[in-house]
């Protein structure tokens, strides 16, 4: 399988880091030999082939192993559905059962070895699929589906059984869906619907039902991939495949756990390159949700803030509810690229318009005031006492005659308007019927987005069922909140893909000279002293204060003279994590006597606390600047991650930080800073000068390079505080902690 299972480098992938330098051929990448350019400096893949799943979804021939037509048998209903599905897709179906001559009138093979032809897809309705997989290997079957449960979702024994199954699949060359999956891939899809389709990926069949039911509302679905436990084929495989399908307008996902973080990012990157929107529910936001997901799929969910950041990096739109998944995916599949970002609220009620405007503005949508000329045009048909600046309040009456259509057309003709939202809080025929008909007719003549919120709780009205749902151009919602969040996702998605540049194209493939220096400093299994950690930073060009490590009071005085008063003195040792709490930091020392006293006090405290020292640091004192933190941690799914935030002694209290998964570029580093709640501190507040943001961005990028090159050898890095000086003066790492794996 592509990538390491949880984003962690093994001995083999450490070898892959050498491959990245071009010294020897690499391991296979989805069935072909890896080239040097396929791997970044950490040995992680930069490329993933798109699996050819055409014959999975549209096979020419299918074998059903364990087929049955006996009444009361569980396999009978499954077999019946597969027979019906095979007829619809034009596939030849071959039942396999050791004791039956026929099943549902079809000739039955006694074993897979007796199949009359090489089949594209084998569906296994057996409790123990492992022997059958080994038999299928001889038949050159392309795909297999395993419905059986009792694998990784059940605990350690089940996980071991799944590992054996996955190993057999890898040896066989078969691509496997499951185990613990279902029949969702073989559902009856409506063929009478047109327009861009939604492709659906779910790890839970039941959770995909609401999206599948969109067909009854006129929304086209093209595929459903129920990935189950993902012993082989995973969410990323289907994501890559669907992103290449011309009929797919959006991909909707329900994800419980990701099998491999890098594989998912490569698939999301493919979708972003092609401009295909991906909308996902990812469970595990809370500890309880994460536990439930793990017990169901046997996978890690990953730290949620990392998952969230990784999805944002690659344009995946994360939503919380299945209703949001339906509505956002529908809008993104149907809507054309926006011609403008302006949103206009059009309403028959001033109260409704004000409410909608509040919600839209709070969501960050741009509600521009219409020009004076446009307002004058609208007042030809709308009474002068009504507000038409935006929201546009028509007062209700004009929608009953030809004026209603003229109002809508005039709004949509405004070049500043890209989206029209019309909330209809309740039906009021015949005016509501005429209103929605005007909206549908107007939508047919424009490439701008027209959204209607049909707020009636009944949902059986002809204006809704026949007029709105009969249109493929109007996007209809049942709640205003879902409409606004979907419109926001639509505008943000197109802003994202318009400027998207894949970070994998620019990821470092060869090691820098800094890596060789850093290697000499690493101490496997140990925490480095502050002095050694700062040497690590120096190796990567990150500025640290002038300082000297001393082992006597006299040497401390000499060092202070060289460094320049005032100075800071700190105990330095491999086991010291929080010096301030232990009293092992002295600041603002201005004389030799203070330095001598501080040296004796620091060493006395260290002896009392039982802390081993490699010396005392005498450091340059840096007084002015914004205290930030930049660090590296490891995520079980994505590997090394880089964090930046507001730092200092209150870093754990403020918890104001942003995270990214390497590789990423300068634009993402700047986006990290924009996410900080305290971002204004960097811009200068209360008379303080603006901080050197460019220098902070440079440190983030250098730390990323360190994280990539040192890989899992660097378990943790914490630069705190990194003082960002006034603009043009740089940034200085005053303290650092580094832990070697």
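Can you tell me which of (1) in the same structural domain as residue 236 (by TED's automatic domain parsing); (2) more than 25 Å from residue 87 (Cβ to Cβ); (3) modelled with pLDDT under 95 is the one residue 210 doesn't meet? Unmet condition: (3). Checking each residue in region 377-402 for being modelled with pLDDT under 95, crowded, with 17+ Cβ neighbours inside 10 Å and in a helix (DSSP H, G or I) picks out 398, 399. Set side by side, the residues 62, 50 differ, and just one is touching a helix residue (DSSP H, G or I) at 6+ places or on another chain (Cβ under 9 Å), part of a strand (DSSP E or B) and modelled with pLDDT of 90 or more, which is 62.
Does residue 237 meet the test of being in contact with a strand residue (DSSP E or B) (Cβ under 6 Å, 6 or more places away or on another chain) and closer than 23 Å to residue 161 by Cβ? Criteria not met by residue 237.
Among the residues of region 572-589, count how many are out of contact with any strand residue (DSSP E or B) (no Cβ under 6 Å at 6 or more places or on another chain) and in contact (Cβ under 8 Å) with a residue 24 or more places away in the chain.
The initial filter retains those residues of region 572-589 that are out of contact with any strand residue (DSSP E or B) (no Cβ under 6 Å at 6 or more places or on another chain), namely 573, 575-578, 580-583, 588.
Subsequent filtering for residues that are in contact (Cβ under 8 Å) with a residue 24 or more places away in the chain retains 573, 575-577, 580, 582, 588.
Total satisfying the criteria: 7.
The test for being outside the structural domain of residue 731 (by TED's automatic domain parsing) and within 29 Å of residue 703 (Cα to Cα) does not hold for residue 595. Within region 387-413, residues that are touching a residue at least 60 places away in the same chain (Cβ under 8 Å) and assigned by TED's automatic domain parsing to the domain that holds residue 353 have Cβ atoms under 9 Å from residues that are in a helix (DSSP H, G or I) and surrounded by fewer than 18 Cβ atoms within 10 Å (Cβ to Cβ) in these pairs: 408/441, counting only partners at least 6 apart in sequence or on another chain. Can you find a residue that is touching a strand residue (DSSP E or B) at 6+ places or on another chain (Cβ under 7 Å) and closer than 25 Å to residue 281 by Cα anywhere in region 187-195? Yes: one or more hits.
Would you confirm whether or not region 640-661 contains a residue that is surrounded by fewer than 20 Cβ atoms within 10 Å (Cβ to Cβ), over 26 Å from the mean Cα position of the chain (by Cα) and assigned to a helix (DSSP H, G or I)? Write out each step before concluding.
Initial filter on region 640-661 (surrounded by fewer than 20 Cβ atoms within 10 Å (Cβ to Cβ)): 648-656.
Checking which are over 26 Å from the mean Cα position of the chain (by Cα) leaves us with 648-650, 653.
Adding the requirement that they be assigned to a helix (DSSP H, G or I) leaves 653.
Among the residues of region 640-661, at least one is surrounded by fewer than 20 Cβ atoms within 10 Å (Cβ to Cβ), over 26 Å from the mean Cα position of the chain (by Cα) and assigned to a helix (DSSP H, G or I), which makes the answer yes.
Only one of the listed residues (486, 539, 481, 507) is touching a helix residue (DSSP H, G or I) at 6+ places or on another chain (Cβ under 9 Å), under 30 Å from residue 606 (Cα atoms) and not assigned by TED's automatic domain parsing to the domain that holds residue 316. That residue is 539. For residue 487, are the conditions met, namely being within 30 Å of residue 437 (Cα to Cα), assigned to a helix (DSSP H, G or I) and touching a residue at least 40 places away in the same chain (Cβ under 8 Å)? Yes: the conditions hold for residue 487. The residues of region 361-381 that are in contact (Cβ under 8 Å) with a residue 12 or more places away in the chain, farther than 21 Å from residue 445 by Cβ and out of contact with any strand residue (DSSP E or B) (no Cβ under 7 Å at 6 or more places or on another chain), listed by number, are 363, 364, 369, 371, 375.
Mind telling me which of the residues 696, 673, 682 ends up being outside any loop (DSSP other than H, G, I, E, B), in contact (Cβ under 8 Å) with a residue 12 or more places away in the chain and crowded, with 22+ Cβ neighbours inside 10 Å? If you could, list the steps in order and put the result at the bottom.
Numbers: 673 fails: crowded, with 22+ Cβ neighbours inside 10 Å; 682 fails: crowded, with 22+ Cβ neighbours inside 10 Å.
696 is the lone residue from the list that is outside any loop (DSSP other than H, G, I, E, B), in contact (Cβ under 8 Å) with a residue 12 or more places away in the chain and crowded, with 22+ Cβ neighbours inside 10 Å.
The values are calculated or read from the model by the stated rules, or taken from the named source; none is laboratory data. All values derive from a computational prediction rather than experimental measurement. Heads up, the Cβs are rebuilt from the backbone with ideal geometry, glycines too, and the neighbour counts pull from every protein chain shown.
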